[in-house]
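J.: Quick one: this structure, given as structure tokens, is what I'll be asking you about.
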Amino acid sequence: MLTIYNTANHRKEVFKPIHEGEVRFYGCGPTIYNYAHIGNMRAFVFYDLLNRYLRYKGYKVTFCMNLTDIDDKTIRDSKKAGKKLREFTDFYGAEFMKDCQTLHIQKPDIVPRATEEVPAMIELIQNLLDKGYAYKTEKGDVYFKINKDPNYGQMAGIDMSSLRFNADGRLTADEYEKENAQDFAVWKGWDEQDGDNFWETPWGKGRPGWHIECSAMSKKYLGQPFDIHMGGVDLIFPHHTNEIAQSECAYGTKYVNYWMHNEHITVNGQKMSKSLGNCFTLNELLAKGYSAEAIRYEFIKAHYRQKMDFQESALSGNQSVIDKFGNFLTRLQNEANGAGWSDLQAVLNQVQEAFEKGMDDDLNTSIALAAVFDFMTNVNKNFEKLSREDADKVIKVMKKFDTVLAVFPESKQQSLTPEQEALIQRRQEARLAKDWATADNLKKQLLDQGVEVKDTPTGPVWKII
Ligand SMILES: [Zn+2]
């Protein structure tokens, strides 16, 4: 049974989907105005892990992740770049998708873009206005009235009585139009900065606020309520808090059953910031020679609710783990020729159980990985017993685990050319004729071509090195 830590209730809970055998979940996507850095990628690998594990367990999954392609930053930076907003965000959206593919992040089933979903947002806002949960200012902004929602801030543990008007003195002149400093914008009235980036609505022209996007798109594609909503801990307040408030007030039903949040990431013990120069992008790390698998492994080796300190030096260590997986599979493919391991089925059952027990425990990847390593050690110890068929069974189970982990290296090409096969054959004939000089010579020729031949009691076996 899958249990997940539900931020809304501050405890681990057994996961029960709304529709049996089916899971609908949403993850807040990136704002596409720049290259994603590794801090962003932690969340997306985390979403992918859940997505893959739900599929591993046989659920029918609908995973929706948005792209935020309109906000202050996208508008500002597209202007700086001298490009239309759409052209500008198309570029970074495509780069983001490429990064995801590199990190073996499966494409979500639905990837809506905010600018294409404005009608759903208008509908939601109209509902809030009609029910008195939102109000319009003279400037044309629409704010959500948090005092009207008695449940506001529950998940984040916000104490409403502690919220004072303009406590930090940072309100801008526009914001003084708010009835309460904490009221948040669901719609921003048009101003010159927005240029031609606006929509007409019954309450005037403008553009959506950030929080409203996720509420409207998730309802449109997953329904309300839906099963799981994911994001980084930094989104709990205000973003997710505001999503809950506006969705529940607009539609009068619960918004989401389970909330999952991944912890922060620091780099070399420091917060990521442009001034420290530690906001690595994926391409920067790849250019330094690290493999995508070693980088992905860094994200999955620890539990998602643990704070993570990203250290570049750890990537080399990760690479040796990735190589270990690769060598293990290669050896299984090429060297198993024992008589059969009678305990194998029990061992296979045991490792699958242990792997699933770890993953079922709130996606505890460190437990699941430990189970895989123990299994590999055990198989290696008994390697000489493995028959060809046994080895295939081990490979099959390992590959099943990798449908979740997605860190095994692409297996090296494992077929010989006809010429190499002929060399092995000639060498075997030479050995049988006790012509050791020719046999050694042929062995060396093969080795020069990257094919290592070993002799076993049942004949020669080869490996591409
Ligand atoms: Zn969101």
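J.: For the chain, build the charge dipole from Cβ charges (+1 Lys, Arg; -1 Asp, Glu) around the Cα centre, then report which of Gly39, Thr438, Leu285 sits farthest towards its positive end.
T.: Sorting the options by dipole projection puts first Thr438.
J.: Follow-up. Straight distance only, please: which lysines reach the Cα of Lys271 with their own Cα at less than 25 Å, same-chain residues fewer than 8 apart left out?
T.: Within reach: Lys73, Lys288, Lys301, Lys307.
J.: Something else about it: For segment 236-253, take each phi angle, set θ = phi - 60°, evaluate the Karplus expression 6.51 cos²θ - 1.76 cosθ + 1.60, and give the result in whole Hz per residue in order, putting x for glycine and proline.
T.: 4, 10, x, 4, 6, 4, 6, 4, 4, 4, 6, 5, 6, 6, 6, 10, x, 10
J.: Measure nothing but the geometry: give the 0 to 90° angle between the long axis through the Cα atoms of 85-102 and the longest principal axis through the Cα atoms of the chain, rounded to 10°.
T.: Tilt relative to the chain: about 30 degrees.
J.: If you rank Arg427, Arg76, Arg86 by fewest surrounding Cβ atoms within 10 Å, what's the result?
T.: Fewest-to-most ranking of Arg427, Arg76, Arg86: Arg76, Arg86, Arg427.
J.: Relative contact order (percent) for segment 395-465, with alpha-carbon contacts under 8 angstrom and 6 or more residues of separation?
T.: Rounded, it is 22 percent for segment 395-465.
J.: Using a simple charge model, +1 on the beta-carbon of Lys and Arg, -1 on the beta-carbon of Asp and Glu, nothing else, what dipole does segment 418-464 show about its Cα centre, in debye to the nearest 20?
T.: Values: 8 positive and 8 negative charges, 28 e Å.
About 140 debye.
J.: Can you find, among Phe237, Ile70, Gly21, the residue farthest towards the positive end of the dipole of segment 3-262? Put +1 on the C-beta of Lys and Arg, -1 on that of Asp and Glu.
T.: Gly21
J.: Averaging sequence separations of C-alpha pairs under 8 Å and six or more residues apart, then dividing by the length of segment 314-405, give the relative contact order as a whole percent. Walk me through the numbers on the way to the answer.
T.: Working: 66 pairs, mean separation 37.9, N = 92.
Value for segment 314-405: 41 percent.
J.: Which translational diffusion coefficient, to the nearest whole µm²/s, is obtained for the chain from the Stokes-Einstein equation, given a Kirkwood hydrodynamic radius over C-alpha pairs, 4 °C and 1.567 mPa s?
T.: The calculation lands on 51 µm²/s.
J.: Still on this model: With runs of 4+ DSSP H residues as the only contributors, calculate the mean residue ellipticity of the chain at 222 nm using -39,500 (n - 2.57) per run, divided by the residue total and rounded to the nearest 500.
T.: Rounded to the nearest 500, it is -14000 deg cm²/dmol.
J.: Another question, if that's okay. What angle, in degrees between 0 and 90 and rounded to the nearest 10, separates the Cα long axis of helix 312-335 from the longest principal axis of the Cα atoms of the chain?
T.: It is inclined by approximately 40 degrees.
J.: A further question follows. Over the chain, calculate the relative contact order: mean separation of alpha carbon pairs under 8 Å at least 6 apart, over the residue count, as a percent.
T.: Values: 695 pairs, mean separation 73.8, N = 465.
16 percent.
J.: Additional query: Once you list every other residue whose beta carbon is under 13 Å from the beta carbon of Tyr133, what net charge do they have if Lys and Arg are +1 and Asp and Glu are -1? Show your work: numbers first, answer last.
T.: On the way: positive: Lys131, Lys136, Lys145, Lys148; negative: Asp130, Asp149, Glu179, Asp183, Glu248.
Net local charge, Tyr133 excluded: -1.
J.: Kindly give the semi-axes, whole Å and largest first, of the ellipsoid equivalent to segment 179-320, taking each as the square root of 5 times a Cα gyration tensor eigenvalue.
T.: Listed largest to smallest, the semi-axes of segment 179-320 are 37, 21, 14 Å.
J.: Which lysines does Lys444 reach when only Cα atoms under 24 Å apart count, and residues fewer than 8 places away in its own chain are ignored?
T.: Cross-link targets: Lys412, Lys434, Lys454, Lys463.
J.: Let me ask something else about it. Amide H of Asp309: which non-local residues (sequence gap of 5 or more, or other chain) have their own amide H closer than 5 Å, using H built in the peptide plane?
T.: Those qualifying (amide H under 5 Å, at least 5 residues apart or on another chain) are Thr266.
J.: Moving on. What number does segment 65-162 give for Rg over Rh if you use C-alpha atoms and the Kirkwood radius?
T.: My calculation of the ratio gives 1.08.
J.: What does the charge add up to near His239, with Lys and Arg as +1, Asp and Glu as -1, over the other residues with Cβ less than 13 Å from its Cβ?
T.: Result for the neighbourhood of His239: -4.
J.: For segment 238-276, list residues with backbone N below 17 Å from a point placed 7 Å from the Cα of Glu312 toward its Cβ?
T.: 266-276, by backbone N distance to the label point.
J.: Give me the log10 of I(q) over I(0) for segment 221-277 at q = 0.20 Å⁻¹, as the Debye formula computes it from C-alpha points; what are the numbers?
T.: Normalising to I(0) and taking log10 leaves -0.76.
J.: Using only Cα atoms, find the angle between the long axis of helix 38-56 and the longest principal axis of the chain, and express it within 0 to 90 degrees, rounded to the nearest 10.
T.: Around 70 degrees separate the two axes.
J.: If amide H atoms are built 1.01 Å from N in the plane of the peptide, which residues on other chains or at least 5 residues away come under 5 Å of the amide H of Asp183?
T.: Counting only residues 5 or more places away or on other chains, the set is Ile146.
J.: If a/c stays under 1.5 just call it rounded; otherwise compare a/b with b/c (prolate if a/b is bigger, oblate if not). Do that for segment 3-262, with a ≥ b ≥ c from the square roots of the Cα gyration tensor eigenvalues. Let's see the in-between values first.
T.: Working: a/c = 1.74, a/b = 1.19, b/c = 1.46.
The shape class here is oblate.
J.: Classify segment 312-441 as rounded, prolate or oblate, taking a ≥ b ≥ c as the square roots of the eigenvalues of its Cα gyration tensor: rounded when a/c is under 1.5, otherwise prolate if a/b is larger than b/c and oblate if not.
T.: prolate
J.: Pull up the cross-link candidates among the lysines for Lys220, meaning alpha carbon to alpha carbon under 21 Å and not fewer than 8 places away within one chain.
T.: Lys60, Lys107, Lys131, Lys254
J.: Continuing with the same structure: Taking a ≥ b ≥ c as the square roots of the Cα gyration tensor eigenvalues, with a/c under 1.5 meaning rounded and otherwise prolate when a/b beats b/c, else oblate, which class fits segment 419-465? Mind dumping the intermediate values first?
T.: Values: a/c = 1.79, a/b = 1.28, b/c = 1.40.
Oblate, because a/c is 1.5 or more while a/b does not exceed b/c.
J.: Using DSSP to define loop residues, name the GluC sites (Glu not before Pro) in segment 237-271 whose beta-carbon has at most 12 other beta-carbon atoms within 10 Å.
T.: Values: sites: Glu243, Glu248, Glu263; in loops: Glu263.
Filter output for segment 237-271: empty list.
Quick note: the coordinates plus some simple rules give every number you see, no bench work behind them. Note that the structure is a prediction, hence the values are computed from the model and not measured. Glycine also receives a Cβ, built like all others from the backbone with ideal geometry; neighbour counts cover every protein chain displayed.
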